[in-house]
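> Attaching a single structure in structure tokens format; questions to follow.
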Amino acid sequence: MRRLFGYEERSAAIFLAPVLAVLMGVAVFPILYSFYLSFFRIKLTRPNRTPFVGLDNYLDLFTNDLFWVSVARTVTFSVVSVAAILAISLLVSLLLNQNFRGRRVLSTILLVPWAIPYVANALMWKWIYDSGYGALNGILYQLDFIDKYMVWLGDQDKTIFLIANAFVWKEVPLATILLLVSLKAIPSDLYQAARVDGAGVWQRFIHVTLPAMKPGFMLVLIYETMMAIRHFDLFFILTEGGPGNASHVLSWHIYVETFRNLSFGSGAAMSYVLALVTFALSYTFIRSLGRKV
């Protein structure tokens, strides 16, 4: 027992105690308290009435049409975004894995979107999509692809894809770096053996490169899926869930329910549903892809 709680252990506990106290106060306590709130009907417009409702806040979600609309929008945004990120980052990582003049400069430029804060990225794309002076309208008009300036974010059929485009632009650099690390880790002997066996470029890519990149793909898939499902910044700054419900994703629905409708109980319940879905997807990806890595 003395060896277990010696001088070094006691010293470490003393120095770590303030850090643990801060973590408990700013991370653990809010999580536990919000879970506690999810079992109550809390609405700040009537603060003196907070009845205990048990699982009713969770069950009510499944009869809420707007909740299912937000789920559908979230699925669309996540699938489109993650698929585009995987495809583009794979192509860019394959390019950067080659030796050519200007590769270092291109690698540096690639990091610029990743270094831009999320709010600044959203504001930049809001200006690009602007119907009056946006760069997108200006370029397309000069190239005669359009005959008048378009209200891009006012089109319900295009809005979710335009927001996904802004998200992809921000996330591709990190995904490219992760895939590039996987590429660099592939032994050159595998390619030499494939050439000896008569494998062409496409066959080497299918049978050597892609299987060896599975750990990188799994990491990118899990991370970007989690980021896409819970993403909020772009929807808040670009459209605020509009036009109509075209970009009313689950993260925006949680914000509206909690901070605009002031229903903290149902908002907390939706937050935990979102967290559980995110963890479930991550677990599924790890179980299904991890066995083959």
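Since every read-out is calculated from the coordinates, none of them should be taken as a lab result. Since the structure is predicted, the reported quantities are computational estimates derived from the model, not experimental observations. All Cβ positions, glycine included, derive from the backbone under ideal geometry; neighbour counts span all protein chains shown.
> Looking at the stretch 118-214, which chymotrypsin sites (Phe, Trp or Tyr not before Pro) are DSSP coil and have at most 14 other C-beta atoms within 10 Å of their C-beta?
Listed in order of number, the matching sites are TYR133, PHE145.
> Using unit Cβ charges (K, R positive; D, E negative) and no other charged atoms, how large, in debye to the nearest 20, is the dipole of the chain about its Cα centre?
Its charge dipole is roughly 860 debye.
> Just flag the GluC sites (Glu not before Pro) in the stretch 198-279 sitting in loop per DSSP whose Cβ has no more than 16 other Cβ atoms within 10 Å.
GLU240
> Right, here's the next one. Checking understanding here: applying a Kyte-Doolittle mean of at least 1.6 and a length along the axis of at least 27 Å (C-alpha), which whole DSSP H helices in the chain pass?
Those that clear 27 Å and a mean of 1.6 are 65-96.
> Still on this structure: Between the alpha-carbon centers of the stretch 77-133 and the stretch 220-293, tell me the distance in whole angstrom.
Distance between centres, Cα-based: 22 Å.
> I need to check one value: relative contact order of the chain, counting alpha carbon pairs closer than 8 Å and at least 6 residues apart, in percent.
28 percent
> Too long at a 24 Å Cα-Cα cut-off: which of LYS43/LYS158; LYS126/LYS148; LYS184/LYS214; LYS43/LYS126?
Going by Cα-Cα distance, LYS43/LYS158; LYS43/LYS126 fall outside the 24 Å limit.
> Next question, about the same structure. Return the loop-located trypsin sites (Lys or Arg not before Pro) in the stretch 45-107 (DSSP other than H, G, I, E, B) with at most 16 other Cβ atoms within 10 Å of their own Cβ; answer none if there are none.
Sites meeting the loop and neighbour criteria: ARG49, ARG101.
> Run the numbers on the stretch 83-231 and let me know its relative contact order in percent, using alpha-carbon pairs under 8 Å that are six or more apart.
30 percent
> To continue, here is another question. Evaluate the chain: find the radius of gyration of its Cα atoms, find its Kirkwood radius, and give the ratio Rg to Rh.
My calculation puts Rg/Rh at 1.06.
> Per-residue ellipticity at 222 nm for the chain, helices alone: DSSP H runs ≥ 4 residues times -39500 (n - 2.57), over residue total, nearest 500 deg cm²/dmol?
After summing the helix terms and dividing by the residues of the chain, the value is -20500 deg cm²/dmol.
> Now for a separate question. I need the fraction of alpha carbon pairs in the stretch 1-53 separated by more than 19 Å, rounded to a whole percent.
57 percent
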